[in-house]
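Visitor: Here it is, the structure, as structure tokens.
Values quoted throughout were computed directly from the atomic coordinates according to the rules given, and no laboratory measurement underlies them. Computed from a predicted model, the values in this text were never measured in an experiment. Every residue, glycine as well, gets a Cβ built from its backbone with ideal geometry; the counts of neighbours run over all protein chains shown.
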Amino acid sequence: MIIQPKTRGFICTTAHPEGCARQVERQVDYVRSQPSISGPKNVLVVGASTGYGLASRIVSSFGAGANTIGVYFDKAAEGSRTASAGWYNSAAFERLAENAGVKSFSIVGDAFSEAIKQQTIELIRSELGQVDLVVYSVASPRRTHPVTGETFSSVIKPIGPSYSNKTVNFHTAEVSIATIEPATEDEVRQTVAVMGGEDWQMWIDALSEAGVLSEGATTVAYSYIGPEITHAVYREGTIGRAKDDLEATAIRLREQLGATGGRAFVSVNKALVTQSSSAIPVVPLYISALYKVMKEKGSHEGCIEQMYRLFSTRLYGEGDTPVDSRGRIRVDDLEMQEDVQAEVAAIWEQLSTDNINELTDIAGYRREFFQLFGFETDDIDYEADTDPNVDIPNLR
Ligand code: NAD
């Protein structure tokens with residue numbers, strides 16, 4: 001079939017297999033062009049098919065030569081529906097890993113469930129023995145609790161007063177004011193249950209109890225802080241509460257794993273175009289301004305550059321891993337530099353529909369958004385007949 005992008009709001013409901021494969025190859029090529037990392041040997045990535053999780057998996061395999069297991073929630077093609085982008089990304093990753101002679105396996109299913117944790121444990125036991133790095137990179141709108149059966153939904157809302165700020169419809173480049181009503185207490189509770197640290201803790205407990213986490217293992221999960229303009233809707237809102245919980249979990253896990261020489265970290269990463277971040281009001285407009293400033297300064301990074309830097313200079317760099325006063329790794333350091341933030345703030349003041357193309361990199365944002373789904377990628381013939389049915393090698 002001819003596969004074209006079909007969007008509904010901030011979601012693209014189609015994905016292009018060859019375009020996704022090309023995007024994965026580009027990330028692999030980047031890592032191969034960098035010095036190799038003396039890092040982990042056997043890695044579990046939970047949330048491994050897109051964004052930061054996929055980049056972590058690529059760095060593990062192609063930067064450190066590690067075997068990997070990726071757990072993710074993606075759909076195969078069915079009838080006239082294409083597979084999801086994460087499916088095509090993972091198929092491409094698995095093929096490249098196989099060619100490179102590193103072991104890799106995929107488990108598709110709900111990482112929040114007990115069944116998927118057990119299936120993963122069995123797979124580690126039979127194929128890898130143990131894992132020495134666990135990356136937790138799940139971003140989800142919902143979670144069903146494995147013990148109580150309650151299904152929680154996460155929301156992106158401020159806590160306290162309602163919040164208004166500029167936002168953009170990145171398809172039309174129209175700037176408007178978004179007003180978001182505050183979350184109820186129950187919405188805060190549910191968002192923390194979905195995006196907080198409980199499931200990460202459950203994974204580490206299950207792996208430890210099963211004896212498949214090696215002594216001295218490392219685990220890392222990802223967080224975000226960002227600038228003042230997004231604080232009310234992000235860091236001080238519902239999602240920020242979940243990130244506080246994730247960061248508190250890192251402290252607990254550090255004590256737990258530290259007893260046998262293990263390590264647990266939260267890494268605060270840069271704001272980037274991913275399927276998750278495009279769903280947050282205000283943030284895509286901020287990212288467009290940020291990209292403009294960082295590209296001009298030559299300090300712009302994407303997921304793969306961020307994760308390569310996390311592994312090579314923080315997690316597996318020389319000496320102790322550098323952390324901030326709260327024990328967090330900061331690879332958002334370049335985003336948060338004073339000069340960068342001052343320039344973004346100056347742009348923000350003036351921003352309107354009339355000047356958005358000139359003041360921000362909204363065109364780059366839109367292009368990257370479509371590239372997440374394999375579109376707008378160089379050297380792909382989008383008029384060509386393409387088979388949407390792609391198998392993932394090593395899918396368990
Ligand atoms: P993403 O949407 O690109 O990736 C999410 C991954 O989670 C996908 O692989 C998806 O398949 C998987 N997933 C979702 N629900 C699942 C489930 N029930 N079971 C198994 N897998 C499931 O998201 P992302 O932006 O890469 O976010 C990853 C982490 O990085 C999040 O914690 C996010 O808050 C954090 N982070 C993101 C940004 C950003 O700007 N994008 C910045 C800093 C930190």
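Visitor: Of the residues Thr219, Thr230, only one is outside any helix (DSSP H, G or I) and either of a type in the set (S, T, N, Q) or in contact with a Ser or Thr (Cβ under 8 Å, 6 or more places away or on another chain) (or both); which?
Guide: Thr219
Visitor: What pairs can you find where one residue is in region 137-159 and free of Cβ contacts under 8 Å to residues at least 40 places away in the same chain, the other is more than 11 Å from the ligand (Cβ to nearest atom), and their Cβ atoms are less than 7 Å apart, with a gap of 6+ or different chains?
Guide: Listed by first residue and then by second, the contacts come to Thr144/Thr151.
Visitor: Give the residues of region 32-48 that are more than 15 Å from Ala100 (Cβ to Cβ) and either within 16 Å of the ligand (Cβ to nearest atom) or outside any loop (DSSP other than H, G, I, E, B) (or both), sorted by residue number.
Guide: The answer is Asn42, Leu44, Val45, Val46, Gly47, Ala48.
Visitor: Filtering region 233-261 down to residues that are part of a helix (DSSP H, G or I) and of a type in the set (Ser, Thr, Tyr), which residue is surrounded by the fewest Cβ atoms within 10 Å (Cβ to Cβ)?
Guide: In this case the residue turns out to be Thr249.
Table: residues versus (1) of a type in the set (Val, Ile, Thr); (2) within 12 Å of Leu44 (Cβ to Cβ); (3) out of contact with any Ser or Thr (no Cβ under 6 Å at 6 or more places or on another chain).
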site	(1), (2), (3)
Phe62	no, no, yes
Ile69	yes, yes, yes
Leu123	no, yes, yes
Pro141	no, no, no
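Visitor: In region 262-281, what residues are outside any loop (DSSP other than H, G, I, E, B) and near the ligand (Cβ under 6 Å from one of its atoms)? Give the derivation first.
Guide: So the first thing to find is which residues in region 262-281 are outside any loop (DSSP other than H, G, I, E, B), and the list is 263-268, 277-279.
Once the filter is applied, which keeps residues that are outside any loop (DSSP other than H, G, I, E, B) and near the ligand (Cβ under 6 Å from one of its atoms), region 262-281 yields only Ser277.
Visitor: Okay, next question. Among the residues of region 64-96, count how many are more than 16 Å from the ligand (Cβ to nearest atom), assigned to a helix (DSSP H, G or I) and buried (at least 24 other Cβ atoms within 10 Å of the Cβ).
Guide: Of the residues in region 64-96, 0 are more than 16 Å from the ligand (Cβ to nearest atom), assigned to a helix (DSSP H, G or I) and buried (at least 24 other Cβ atoms within 10 Å of the Cβ).
Visitor: Restricting attention to region 97-116, which residues are within 27 Å of Glu198 (Cβ to Cβ) and assigned to a strand (DSSP E or B)? Explain how you work it out, then say what you get.
Guide: Looking only at region 97-116, we keep the residues that are within 27 Å of Glu198 (Cβ to Cβ), and these are 105-116.
Residues satisfying the conditions are Phe105, Ser106, Ile107, Val108.
Visitor: Between a first residue in region 304-318 that is touching a residue at least 60 places away in the same chain (Cβ under 8 Å) and under 16 Å from Gly53 (Cα atoms) and a second residue that is part of a loop (DSSP other than H, G, I, E, B) and among the charged types (D, E, K, R), which pairs have beta carbons less than 7 Å apart while being 6 or more apart in sequence or on different chains?
Guide: As it stands, the answer is Gln306/Lys270, since those pairs meet every condition given.
Visitor: Report yes if some residue within region 117-138 is crowded, with 24+ Cβ neighbours inside 10 Å, in contact with a Lys or Arg (Cβ under 8 Å, 6 or more places away or on another chain) and outside any loop (DSSP other than H, G, I, E, B); otherwise report no.
Guide: Within region 117-138, one or more residues are crowded, with 24+ Cβ neighbours inside 10 Å, in contact with a Lys or Arg (Cβ under 8 Å, 6 or more places away or on another chain) and outside any loop (DSSP other than H, G, I, E, B).
Visitor: Quick one: is Lys295 surrounded by fewer than 17 Cβ atoms within 10 Å (Cβ to Cβ), within 22 Å of Tyr365 (Cα to Cα) and among the basic types (Lys, Arg)?
Guide: Spelling it out, Lys295 is indeed surrounded by fewer than 17 Cβ atoms within 10 Å (Cβ to Cβ), within 22 Å of Tyr365 (Cα to Cα) and among the basic types (Lys, Arg).
Visitor: Could I ask something else about it? Examine region 214-221 for a residue that is surrounded by fewer than 19 Cβ atoms within 10 Å (Cβ to Cβ) and either β-branched (Val, Ile, Thr) or more than 19 Å from the chain's Cα centre (by Cα) (or both), and state whether such a residue exists.
Guide: Checked region 214-221: at least one residue is surrounded by fewer than 19 Cβ atoms within 10 Å (Cβ to Cβ) and either β-branched (Val, Ile, Thr) or more than 19 Å from the chain's Cα centre (by Cα) (or both).
Visitor: Follow-up. Which one of these is away from the ligand (no atom under 16 Å from the Cβ) and either surrounded by fewer than 18 Cβ atoms within 10 Å (Cβ to Cβ) or within 22 Å of the chain's Cα centre (by Cα) (or both): Glu187, Glu174, Glu198, Glu150?
Guide: On the way: Glu187 fails: either surrounded by fewer than 18 Cβ atoms within 10 Å (Cβ to Cβ) or within 22 Å of the chain's Cα centre (by Cα) (or both); Glu198 fails: away from the ligand (no atom under 16 Å from the Cβ); Glu150 fails: away from the ligand (no atom under 16 Å from the Cβ).
After ruling out the rest, the residue left standing is Glu174.
Visitor: Moving on to the next point. Tally the residues that are more than 24 Å from Asn389 (Cα to Cα), surrounded by fewer than 21 Cβ atoms within 10 Å (Cβ to Cβ), among the hydrophobic types (A, V, I, L, M, F, W, C) and within 9 Å of the ligand (Cβ to nearest atom), restricting the search to region 97-115.
Guide: Final tally of qualifying residues: 0.
Visitor: Can I ask one more? Are there any pairs with C-beta distances below 7 angstrom linking a residue in region 52-81 that is farther than 18 Å from Ile37 by Cα to a residue that is of a type in the set (Lys, Arg) and crowded, with 22+ Cβ neighbours inside 10 Å, with the two at least 6 apart or on different chains, and if so which?
Guide: Gly70/Arg57
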